[in-house]
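One structure is given below, encoded as structure tokens.
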Amino acid sequence: MKTILRSVFAATVNDNLMLLQENYGSMDASGLGFDTLEDQAIWRYVKDFVVAHQHVPNLQTLSTHFKRIQEMDVVDRLEHVATLRPKLKGDFISHLENKADDRRRRLATEILKEAGGIITTGVTIKEGKTERILRGPVDAMRYVMDKAHDIVTPTTGARLSGEVTKDGDDFKREYNRVETDPLAGIGQYSGLQQMDEALRGAKRYELWTHAAFTGGLKSTLMLNWAYNQAIWYHHDVLIFSLEMPYTQCRRILYAMHSGHEKFKDIHEAVPYMKIRDGEMTPEEKDFLFKHVVPDLNNHAEYGAIHIEVADPEKTDFTVADLRARAELIYSKHPFSVLFVDHALLMSPRKWVPSTTERLNEVIRDCKKLAMGFNKGLGLAVFLLFQISREGYKAAEKNGGNYNLTHLSYANEAERSSDIVTATWLDDDMRKQGQVMIQCLKSRDQEPFENFRAGISWPTRRLSTLLEPFVEDIQHAGEAVDGDILEMS
Amino acid sequence: MSAKSTGNPDCPLCKGQGYIPVESKGPPAKRTCRCVLQQDLIANVERGLKRLSKQPPVKESPLLKHVENNLWINASKRWFLPHLRHVALRQSPTWFFKVITDADLMTAWLSSAALKGQSIFDADVLAQAVSLRYLTLVDLIDPPNLLIIRVGVKAARNVAMPEVFLEALSHRAHEGKTVWVWDTPVHPLRDGHLCYSSHVEEFLSDYGKIKVPPGHGPAQAVTTATTGKAQTHVGGHKPLPRVSPWKD
């Protein structure tokens, strides 16, 4: 457990506070404790410190505190623990899982031993102020079922079941954890300001369906979101691309990164088409290979963008296949959001005759994946969905406004999704380098009003496009009038 | 899939980029430059009504302050369209307005009947064959921020016309969205008009009224004052930021 303890405070200048804070969150949620009194004292102080300051303490703070209260054993322990290397991200979670497994094993053995006692001799247990005698096989099995929550609960504390009217303590603990976490209630941001401010990102347990017609920038939005998550917010992401091959996604992401603001004084962005067709100028190639690629590959803080394509040997790629691979990847690289491109290319678990039924089944399974991923830990799932030609035509007549009926050929998209968004663009907007984003459903918060995002076509990079100022509109309107008056 | 920047290369603000970067802690954000805004506004005006941007400019318009109020405007096409253009050019390029006619209302209302294979006895609708342009009346009237209904285009009699018109007005009122009803001095909305009924008149009594005498040119000031109680728009477009950091 000392490695775990080392991973929740900073001891060197190279320690990444954000990742240590994530470790702290996972450890706190796991409910695991420490065996020795010294470790327990350190952990207690770390918890109090995070509650007060919203970040993890460093070695000096801890050391000063324990020296001041004359706890020299704890100071010695602290100095020993500080010499270890902290584990971060997936390594930390795996380590925590192992420790939690040990605990589960011990706990399960104890519970079964107790159950054995109940069957044979009977056991007296305390329930609040009253005492109750459990005796016989029925009581024993009830006892096992009651205690099973603690065993099957995922390590990071997601509850799979419980009795709400007796669960006040856990409820209070959960609230206190949320209150002290500066990122509580915030999901994985897309990088588009209007959407993020309104919906606060894609959250765990939620299925976010994004719909658009062919060429409506579904995959582009997904890749931009994944890029922003990794590069700007430093979270790992996983993409299941069933439409585009791995190399195509990779090319787009490198083209996007070439347009990163940090390179603006070095070179302008390299268009995707030139990378694809091998038509870069020597300067562009030099810039891409010497600046963009090393930065994307070696930057310590960037999250990882894992891209998985369907197994070429398998004709049917189901949500169950996807889940198995995602859980395997998660054990090494705990990603924050899973993107699926797109629903129509997934297969249902069992054969069904119609497209509607097939899609409904896939969407239902995706919602179950969001809820039950990794033994109930949950995950934000972002699913792309193709709108039918009829839906597109209807929206065209409504000024580009989709509604949920345009998804009705797979009615589960409307029912199972927590959030439904859509993108729209016509020829004018394409020329203007703009795309309209709309919210068709939002279960847990107010939906946002339609807004436009900017798109740089050469790199496929989407960016927040803020509404113009009133006086700029007035100025532009007058300028249009002025131009016409001058011409006449 | 490629489209080049639409910015003016000589623009001193954006230098042809079309956008001004906005400071942001996260991924990049930008705001449309004034030079591109002009094109966006013209495109939006055309989306509302084809060829509206070609109307002559007017210096000011009494309609501008009523963008969020229900109005009943009695004016000629020659007067109304330049004023509508003036208003539309002073809204956000994402402002959604649409000019439809009473004939469109009837076509949309009858389209669901046509889909069911029912016989339709309406000369205007039959002339266009069965329309699938809008599957329901709501598809037509609900989406815009400002809906402008031009009455008097429908020529063939249909007894349901006043009721369809009233339904459209009631639906918009229920949704808290603004409507402008536009009739002309030569064919005013009164007894004998295909859209008229006492219920319609009663409904419109709450609307602000602008009456422009026949023969008034677009540049001439309207002497007839607005009457009636304007109904304030409840829902709708988000107010835009007022202060610009860009100075001329």
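Derivation of every value follows stated rules applied to the coordinates shown; laboratory data play no part. In this text, all values refer to a predicted model and were calculated from it rather than measured experimentally. Every residue, glycine among them, receives a Cβ derived from its backbone with ideal geometry; neighbour counts consider all protein chains shown.
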Legend entry - Likely footprinting exposure, A:Ile125, B:Ile42, fewest C-beta neighbours within 10 Å first: A:Ile125, B:Ile42
Inset, instruction - Pop out the ³J(HN,Hα) list for segment B:155-168 in order, Karplus 6.51 cos²θ - 1.76 cosθ + 1.60 with θ = phi - 60°, rounded to Hz; leave Gly and Pro as x. - result: 10, 7, 5, 8, 4, 7, 4, x, 5, 5, 4, 5, 4, 4
Legend entry - Equivalent ellipsoid semi-axes, segment A:384-488, via Cα gyration tensor eigenvalues times 5, rooted, Å: 33, 16, 14
Inset, instruction - Starting from the amide H of A:Ala304, placed 1.01 Å from N in the peptide plane, find each other amide H under 5 Å away whose residue is 5 or more places distant or on another chain. - result: A:Asp236, A:Val237
Legend entry - For A:Phe339, residues with placed amide H under 5 Å, excluding near neighbours: A:Leu238, A:Ile239, A:Phe240, A:Phe382
Legend entry - At q = 0.25 Å⁻¹, base-10 log of I(q)/I(0) for segment A:83-141 (Debye sum, equal scatterers on each alpha carbon): -0.97
Inset, instruction - Over 22 Å between C-alpha atoms is what I'm after, so list which of A:Lys87/A:Lys332; A:Lys203/A:Lys264; A:Lys87/A:Lys172; A:Lys350/A:Lys441; A:Lys172/A:Lys332 land there. - result: A:Lys203/A:Lys264; A:Lys87/A:Lys172; A:Lys350/A:Lys441; A:Lys172/A:Lys332
Legend entry - Least to most buried among A:Thr459, A:Thr61, A:Thr12 (fewest other Cβ within 10 Å first): A:Thr12, A:Thr61, A:Thr459
Legend entry - Förster radius 51 Å - calculated FRET efficiency between A:Asp444 and B:His187, Cβ distance, rounded to 0.05: 0.50
Inset, instruction - With no solvent and one equal point scatterer placed on each C-alpha of segment B:150-220, evaluate the Debye formula and give log10 I(q)/I(0) for q = 0.11, 0.13, 0.27 Å⁻¹, two decimals. - result: -0.30, -0.41, -1.38
Inset, instruction - Count neighbours as other Cβ atoms within 10 Å of each site's Cβ, and list the trypsin sites (Lys or Arg not before Pro) in segment B:54-102 that are DSSP loop with at most 10 such neighbours. - result: B:Lys59
Legend entry - segment A:347-413: projected area of the alpha-carbon convex hull, averaged over directions, in nm²: 5.2 nm²
Inset, instruction - Calculate the mean, over all residues of peptide A:431-437, of how many other protein chain Cβ atoms lie within 10 angstrom of the residue's Cβ. - result: 5
Inset, instruction - Enter the mean number of other protein chain beta carbons within 10 Å of the beta carbon of each residue in A:133-146, as an integer. - result: 0
Inset, instruction - Determine, from the Cβ-Cβ distance of A:Arg142 and A:Phe171 and an R0 of 25 Å, the FRET efficiency 1/(1 + (r/R0)^6), rounded to the nearest 0.05. - result: 0.60
Inset, instruction - Could you tell me, in Å, what Rg and Dmax come out for the Cα atoms of segment B:1-98? - result: 16.5, 52
Inset, instruction - For segment A:1-142, compute Rh as the Kirkwood radius over C-alpha pairs and then the Stokes-Einstein diffusion coefficient at 25 °C and 0.890 mPa s; write the answer in µm²/s, rounded to an integer. - result: 142 µm²/s
Inset, instruction - Identify all aspartates and glutamates with a Cα-Cα distance to A:Lys367 below 13 Å; exclude those on the same chain that are fewer than 8 residues away in sequence. - result: A:Glu206, A:Glu412, A:Glu414, A:Asp418
Legend entry - When the convex hull of its Cα atoms is projected in every direction, mean area for segment A:211-255 (nm²): 3.4 nm²
Inset, instruction - Compute the convex hull volume of the Cα atoms of segment A:284-365, divide it by the residue count, and report the result per residue in Å³ as a whole number. - result: 140 Å³
Inset, instruction - Work out the mean other chain Cβ neighbour count within 10 Å for the residues of B:37-45 and drop it here as an integer. - result: 6
Inset, instruction - Could you tell me the largest-minus-smallest coordinate of the C-alpha atoms of the protein assembly as shown on each of the three principal axes, in descending order and whole angstroms? - result: 100, 69, 58
Inset, instruction - Work out the FRET efficiency for A:Arg68 and A:Thr124 from their Cβ-Cβ distance, taking R0 = 35 Å, and round it to the nearest 0.05. - result: 0.20
Legend entry - Residue exposure sequence - A:Glu71, A:Glu396, B:Glu60 - by fewest surrounding Cβ within 10 Å: B:Glu60, A:Glu396, A:Glu71
Legend entry - Estimated distance in nm for a label pair at A:Thr405 and B:Glu202, the labels positioned 7 Å out from Cα along Cα-to-Cβ: 3.0 nm
Inset, instruction - Among the lysines, select those whose C-alpha is under 24 Å from the C-alpha of A:Lys262, and discard any that sit fewer than 8 residues away in the same chain. - result: A:Lys274, A:Lys285, A:Lys290, B:Lys4, B:Lys15, B:Lys25, B:Lys30
Inset, instruction - May I ask you to compute the full-extension gain from B:Glu175 to B:Cys11, defined as 0.36 nm times their residue separation minus their alpha-carbon distance, rounded to one decimal in nm? - result: 54.9 nm
Legend entry - Extension reserve of the A:Asp311-A:Lys397 stretch, reckoned as 0.36 nm per residue once the Cα distance is removed: 26.9 nm
Inset, instruction - Would you please state the base-10 log of I(q)/I(0) at q = 0.14, 0.21, 0.24, 0.30 1/Å for segment A:55-108, with intensities from the Debye formula using one equal scatterer on every alpha carbon? - result: -0.57, -0.86, -0.90, -1.04
Legend entry - Rh (Kirkwood; distinct C-alpha pairs) - segment A:185-280, Å: 14.9 Å
Legend entry - Per residue Cα convex hull volume in Å³ - calculated over segment B:54-104: 111 Å³
Inset, instruction - Please list, in chain and number order, the residues 5+ apart from B:Tyr19 or on another chain whose amide H is under 5 Å from its amide H, with Hs placed from the backbone. - result: B:Cys33
Legend entry - Computed label-point distance, nm, for sites A:Lys262 and A:Leu112 using a 7 Å Cα→Cβ extension: 5.2 nm
Inset, instruction - Taking DSSP loops as anything outside H, G, I, E and B, show the longest stretch in chain A free of trypsin sites (Lys or Arg not before Pro) there with at most 10 other beta carbons within 10 Å. - result: A:130-313
Inset, instruction - Can you grab the distance from the C-alpha centre of segment B:8-82 to the C-alpha centre of segment A:410-488, Å, no decimals? - result: 14 Å
Legend entry - Extended-chain gain in nm, criterion 0.36 nm per residue less alpha-carbon gap, A:Lys2 and A:Leu344: 118.3 nm
Legend entry - Hz values of 3J(HN,Hα) by residue in segment A:335-347 - Karplus curve (6.51, -1.76, 1.60), Gly and Pro given as x: 7, 9, 8, 10, 9, 10, 10, 9, 4, 5, 8, 8, 9
